[in-house]
Structures are given as structure tokens and as C-alpha cells.
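Engineer: Dumping the structure here so I can ask a few things about it.
Just so it is clear, none of the values below were taken in a lab; they were calculated from the coordinates. The structure displayed is predicted, hence computed values, not measured ones. Here Cβ is always computed from backbone atoms with ideal geometry, including for glycine, and neighbour counts include all displayed protein chains.
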Amino acid sequence: MVDDERHLEATVPSYIMESAREGARLEAKTDPAVSEQQLRQTGLQRGMRALDVGCGTGAVTRTMAKIAAPGRVVGVDTSTSRLAQARELAAADGVEAEFMEGDACCLSAALGQLRLRVVPVSL
Ligand SMILES: C[S@@+](CC[C@H](N)C(=O)[O-])C[C@H]1O[C@@H](n2cnc3c(N)ncnc32)[C@H](O)[C@@H]1O
């Protein structure tokens with residue numbers, strides 16, 4: 001077992017895919033052109049408000065924000081480190097998106113009251 005894995009075991013991740021390399025994996029597996037095509041199929045358009053639950057590093061959220069600008073796009077994830085990466089990457093890409101720590105099971109606590117239309121897209 002390598003040191004990374006020992007550290008992760010000690011911190012007991014509740015997310016089964018957790019890994020020190022998970023952020024890099026999420027970025028590598030995401031093709032923004034494919035994401036854009038899929039997101040447009042959901043009906044996402046300029047000026048809309050959209051929520052990305054389990055946004056990870058925001059690889060998909062950034063494309064959502066580009067499509068929906070000047071709307072409002074919020075990414076929610078339980079992982080503090082993933083969200084830190086998401087904020088950095090969005091800023092580097094010049095993208096306006098908000099990232100909040102929250103659990104899919106109790107979104108109202110993170111976001112307040114929202115009326116949602118749910119469109120499951122990816123994982
Ligand atoms: C496979 S990753 C996908 C990330 C992103 N949607 C993408 O496609 O790049 C799943 C993400 O869901 C997050 N997650 C897992 N359980 C969650 C929960 N209960 N509430 C919010 N986020 C959660 C993880 O931290 C992880 O970043």
C-alpha cells in the first residue's frame with residue numbers, strides 16, 4: 001500500500017471513488033465538446049439558472065456556466081478539496097460559477113429554497 005492510500009484510509013472517505021488523484025481523473029475524462037452537446041440536449045440555454053449536484057472539480061459545471069451565461073450556475077459537492085479545485089479551475093477559465101459544499105441528500109440546507117427541474121446527466 002502506498003502512502004497516499006494509507007492517508008486516505010485513515011481519513012475514511014465516505015465517497016467510494018475518493019482518491020488523491022480523483023480530481024485529475026475527473027478533468028481528464030471530461031471532453032467539454034461532448035459535455036456541451038449533452039447539456040444542450042437537456043434544454044440548458046443562455047440566461048438559465050442551473051445546479052450541478054456532485055460537481056466534482058466543475059469540469060461539467062464550467063461548460064454549464066458558459067452555456068447559461070449570464071444566468072446563474074451553482075455546483076454542489078461534499079468534497080472540500082474538489083470544490084477548491086473547481087473554484088481555481090473556473091477562475092483560470094474566466095468562468096462565472098458558484099461552488100458550494102453540500103450533500104445531495106439535504107440540498108435545501110446548502111441552497112435555501114429552490115424550485116428544481118431535475119435532469120440527470122452524467123457521472
Ligand atoms: C464521479 S464524480 C463526478 C463529478 C462531476 N459530475 C463530473 O462529471 O466531473 C462524483 C462527485 O460526486 C460527489 N458526491 C458524492 N456523494 C455526494 C453527495 N451525497 N452529495 C454531493 N456530492 C456528492 C463526489 O465528491 C464527486 O466529486
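Engineer: Could you look through region 32-50, keep only residues that are within 15 Å of the chain's Cα centre (by Cα) and either within 11 Å of the ligand (Cβ to nearest atom) or part of a helix (DSSP H, G or I) (or both), and pick out the one that is nearest to Cys106 (Cα to Cα)?
Structural biologist: Residue satisfying both the conditions and the ranking: Leu39.
Engineer: Please go through region 51-67 and give me each residue that is surrounded by fewer than 21 Cβ atoms within 10 Å (Cβ to Cβ), of a type outside the set (Val, Ile, Thr) and away from the ligand (no atom under 13 Å from the Cβ), ordered by number.
Structural biologist: Lys66
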